[in-house]
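K.L.:
Provided herewith is a single structure, encoded as structure tokens, for subsequent inquiry.
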Amino acid sequence: EPLFQAWSYFRRRKFRECADVCSQLLERPPGEQELDSEYSVFQAAWNLKTRALTEMVYVDEIDMDQEGIAEIVLDENAIAQVARPGTSLKLPGTSQGGGPSPAVRPVTQSGRPITGFVRPSTQSGRPSTMEQAIRTPRTALTARPITSASGGYGRLGTASMLTNPDGPFINLSRLNLTKYAQKPKLAKALFEYIFHHENDVKNALDLAALATEHAQFKDWWWKVQIGKCYYRLGLYREAEKQFKSALKQQDMVDTILYLAKVYLRLDQPVTALNLFKQGLERFPGEVTLICGIARIYEEMNNISSAAEYYKDVLKQDNTHVEAIACIGSNHFYSDQPEIALRFYRRLLQMGVYNCQLFNNLGLCCFYAQQYDMTLSSFERALFLAENEEETADVWYNLGHVAVGIGDLNLAYQCFKLTLVHNNDYAEAYNNLAVLEMRKGHTEQARALLQTASSLAPHMYEPHFNVAILSEKVGDLQRSYTAAQKSEEAFPGHVDTQQLMKQLKEHFAML
């Protein structure tokens, strides 16, 4: 029975074979298709093929959230230009929760500490200028700045060409959406196909609106889908109404997560936190909700609260990779490399096997003084590196290890290799400048530091080093300007404050 075979393929996630069998069924002459009053074989095959093609390119909307440059810089949903401290993701408070300072833990361009897990929002943060936005880590390797429409979704939209060489399986321009909206079984599969496979949000929205009307506004599933379409179109307030209405009809974890996404995009993290906490009262122990709370605390720089919630995640699901990685990195930056090592080894036991993990293991071993393991971990990391950025990270850390054991020649070579692999590596420029200063090459050091400070204006180290260097050669004005920039990037840096005090005394004497 070909239809049963196709269903079996679908259940075993062999979507390509499933679609092929369904195509053969759909190509049969009409006489062979025995018509059932409710659901013919033809309809069943059509439905199954639609679902198979959707599954081939399906991406979970809850986690997929690439905020592109257009969304960051041209954001019209500004609610308050200057938000109260601790209520905005755009201006995270400086380590409210007693988290480590930028002296210990490096920060991203938006002033957030680098976390244990790369998520689109945490790495780039919300850059303040267009120039910084174009330099965010996610777009550094491409010439074209990504907007969310052209980034992930654009690639998904070409799926119909990939899966069907003869052209699209369903011609959307000829569809009678009203007819399909009255057949709930077909309409749901068709909506998923249009939304995920064809990436045609407008048609998907039209179908969802007609189907909701046909269901007399009583079907929560359709409301969630309309909300997803509004979210994709950037109509966040309309999306919020739909998700709230769906939650009233049917309490679902997914709907809570979608609604929280809307609030985060509107820069209302406190509302999202309250929503998650209310959700936890109705779904106690739900991992995705606890994880959502932890992520928001982490993005707001409240590291200690984030760590507590990640521990709660592990109580419910002790194989949650993100929670283990974030707690591990938190211990590492809190000067507990031995404990961080246990968390990273746990990831290794669970079968996570990539460059980043071995990189972290190497650093933990070095700081925990287990020198025998350090180099072998970095060697493994170099072997597993998938792109030049990862290789650059490993060489940079090897340079640090070399500085730690006092081999400055090796350190110099490692930092040079870092720049060979990634020419925008501001930290490597900064450290090379320090090594050049040791050798007494002042001009080279200054050039390197200028490059570092222009690449990463959010880092305080290059500015501070320029200030020290300029003060040594007697250029007090330049030293003062650089010290001011350093203080702006990291207000609590004691050495910068002392230098500023000395310079002010100099100027007073003049």
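The values are calculated or read from the model by the stated rules, or taken from the named source; none is laboratory data. None of the values given here were measured: they were computed from a predicted structure. Here the Cβ is made from the backbone with ideal geometry for all residues, glycine too, and neighbour counts use every protein chain on show. These accessible areas exclude ligands, DNA and RNA; they are computed on the full protein's heavy atoms, side chains included. Shrake-Rupley method; radii C 1.70, N 1.55, O 1.52, S 1.80 Å.
K.L.:
How much of the accessible area of the stretch 208-298, in percent, comes from carbon and sulfur atoms when a 1.4 Å probe is used? Show your work: numbers first, answer last.
P.N.:
Values: 1990 of 3800 Å².
Heavy-atom surface of the stretch 208-298 belonging to carbon and sulfur, 1.4 Å probe: 52 percent.
K.L.:
Hey, rough spin-label estimate for MET373 and LYS185, points 7 angstrom out along Cα→Cβ, what's it come to in nanometres?
P.N.:
5.8
K.L.:
Using a 1.4 angstrom probe with every protein chain in place, what is the largest-first accessible-area order of LYS472, LYS185?
P.N.:
Working: LYS472 145, LYS185 125 Å².
Greatest to least solvent exposure: LYS472, LYS185.
K.L.:
State the extension gain, in nm to one decimal, for the chain segment bounded by GLN477 and LEU175, taking 0.36 nm per residue of separation less the distance between their alpha-carbons.
P.N.:
Numbers: separation 302, 0.36 × 302 = 108.72 nm, distance 7.04 nm.
Value of the extension gain: 101.7 nm.
K.L.:
What is the projected area of the convex hull of the Cα atoms of the stretch 204-264, averaged over all directions, in nm²?
P.N.:
Working: hull surface 14.3 nm².
Computed as one quarter of the Cα hull surface, the answer is 3.6 nm².
K.L.:
Tell me, Kirkwood radius of the stretch 216-323 from alpha-carbon pair distances, in Å? Walk me through the numbers on the way to the answer.
P.N.:
On the way: mean 1/r = 0.0697 Å⁻¹.
For the stretch 216-323, the Kirkwood estimate is 14.3 Å.
K.L.:
For the stretch 360-510, take the convex hull of the Cα atoms, compute a quarter of its surface area, and give me that in nm², please.
P.N.:
Numbers: hull surface 38.7 nm².
Mean orientational projected area (the stretch 360-510, Cα hull): 9.7 nm².
K.L.:
Next question, about the same structure. Once R0 is set to 45 Å, what does the formula 1/(1 + (r/R0)^6) return for the Cβ-Cβ distance between ASP407 and ARG84, expressed as a FRET efficiency to the nearest 0.05?
P.N.:
Calculated value: 0.35.
K.L.:
If you count only protein heavy atoms with a 1.4 Å probe, what accessible area per residue comes out for the stretch 406-510, rounded to a whole Å²? Intermediate values should be presented prior to the final figure.
P.N.:
Working: 5590 Å² over 105 residues.
For the stretch 406-510, the per-residue accessible area is 53 Å².
K.L.:
Here's another thing I want to ask about it. At 0.36 nm per residue, minus the direct Cα-Cα distance, what do ALA103 and ASP20 gain on full extension? Give it in nm, one decimal, please. List each step's numbers first, then the result.
P.N.:
Numbers: separation 83, 0.36 × 83 = 29.88 nm, distance 5.83 nm.
Contour length minus the Cα-Cα distance gives 24.0 nm.
K.L.:
So for the pair ASP63, GLN484, with labels modelled 7 Å out along Cα→Cβ, what separation do we get in nm?
P.N.:
In this crude spin-label approximation the distance works out to 4.6 nm.
K.L.:
Convex hull over the alpha-carbon atoms of the stretch 365-411: what's its volume per residue in Å³? The partial results should precede the final answer.
P.N.:
Working: hull volume 3.1 nm³, N = 47.
Given the Cα convex hull of the stretch 365-411, per-residue volume reads 66 Å³.
K.L.:
Distance from the Cα centre of the stretch 399-460 to that of the stretch 181-214, in angstrom?
P.N.:
Each part reduced to its Cα centre gives a spacing of 55 Å.
K.L.:
Right, something else. Could you sort ILE114, ILE62 by their accessible area in this structure, using a 1.4 Å probe and putting the largest first?
P.N.:
Values: ILE114 50, ILE62 30 Å².
If we order ILE114, ILE62 from most to least accessible, we get ILE114, ILE62.
K.L.:
If you wrap a convex hull around the Cα atoms of the stretch 379-445, how much volume per residue is inside, in Å³? Spell out each step's value before the answer.
P.N.:
Values: hull volume 4.8 nm³, N = 67.
Cα-based convex hull of the stretch 379-445, divided per residue, equals 71 Å³.
K.L.:
Moving to a separate point now. Rounded to the nearest 0.05, what FRET efficiency do GLU338 and TYR236 give with R0 = 45 Å and r taken as the Cβ-Cβ distance? Could you check? It would help to have the intermediate numbers written out before the result.
P.N.:
Working: r = 45 Å, r/R0 = 1.00.
Here the calculated transfer efficiency is 0.50.
K.L.:
Mind checking the log10 I(q)/I(0) for the stretch 265-356 at q = 0.14, 0.20 Å⁻¹? Debye, one equal scatterer per Cα, no solvent, two decimals.
P.N.:
Ignoring solvent entirely, the Cα scatterers give -0.53, -0.96.
K.L.:
Taking the Cα centroid of the stretch 488-510 and of the stretch 247-315, what is the distance between the two, rounded to the nearest whole Å?
P.N.:
42
K.L.:
For the full complex of protein chains and a 1.4 angstrom probe, list ARG28, ARG12 by accessible area with the highest value first. Don't skip to the end; give the middle numbers.
P.N.:
Numbers: ARG28 80, ARG12 130 Å².
Highest to lowest solvent-accessible surface, that is ARG12, ARG28.
K.L.:
Give, to the nearest whole percent, the P(r) tail of the stretch 430-509 beyond 14 angstrom, counting all Cα pairs. Spell out each step's value before the answer.
P.N.:
Numbers: 1803 of 3160 pairs.
Tail of the P(r) past 14 Å holds 57 percent of the pairs.
K.L.:
Still on this model: Taking a 26 Å limit on the Cα-Cα distance, which of the listed pairs LYS261/LYS485; LYS472/LYS504; LYS223/LYS311; LYS90/LYS248; LYS90/LYS315; LYS202/LYS241 fall beyond it? Please list the in-between numbers first.
P.N.:
Working: LYS261/LYS485 35 Å; LYS472/LYS504 15 Å; LYS223/LYS311 34 Å; LYS90/LYS248 31 Å; LYS90/LYS315 31 Å; LYS202/LYS241 18 Å.
Going by Cα-Cα distance, LYS261/LYS485; LYS223/LYS311; LYS90/LYS248; LYS90/LYS315 fall outside the 26 Å limit.
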